[in-house]
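First the structure, in the form of structure tokens, and then the observations on it.
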Amino acid sequence: MIIYTSMPLELVYEGYEQFQPRYEEIDYNGVKMVIEPSGPFKAKIVRLISADPQDYLNPNYSPGSMIYFRASK
């Protein structure tokens, strides 16, 4: 990775060591994906793991989108 900046690298990478995301692999509406939980009933999609090309064309499953779900009993 090349970073073009006039800022010192210490400022650019400040806090990088403390960043520890928690990822989970789930099956959501029949689509396997990796999410980052951001609350008890919502999560951000990190990436899809699917063999169906139509899943990648669905804007609801694009990385960065939020999904909402209910807890299973």
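Summary of computed values
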read-out: Hits in the range 38-55 - residues which are assigned to a helix (DSSP H, G or I) and either touching a helix residue (DSSP H, G or I) at 6+ places or on another chain (Cβ under 7 Å) or surrounded by 12 or more Cβ atoms within 10 Å (Cβ to Cβ) (or both); value: Asp55
read-out: Which numbered condition Gly64 misses (of (1) part of a loop (DSSP other than H, G, I, E, B); (2) open to solvent by 60 Å² or more (accessible area, probe 1.4 Å)); value: (2)
read-out: Flag if Glu25 is open to solvent by 100 Å² or more (accessible area, probe 1.4 Å), of a type outside the set (Gly, Ala, Ser) and in a strand (DSSP E or B); value: yes
read-out: Any chance Glu17 is surrounded by 11 or more Cβ atoms within 10 Å (Cβ to Cβ) and not in a loop (DSSP other than H, G, I, E, B); value: no
read-out: Criterion (at negative phi and open to solvent by less than 100 Å² (accessible area, probe 1.4 Å)) met by exactly one of Ile35, Ile2; value: Ile35
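The values are calculated or read from the model by the stated rules, or taken from the named source; none is laboratory data. The structure displayed is predicted, hence computed values, not measured ones. Virtual Cβ from ideal backbone geometry, glycine too; neighbours counted across all protein chains shown. Ligands, DNA and RNA are stripped out before the accessible areas are found, and what is left, the full protein with its side chains, is counted by its heavy atoms. Shrake-Rupley method; radii C 1.70, N 1.55, O 1.52, S 1.80 Å.
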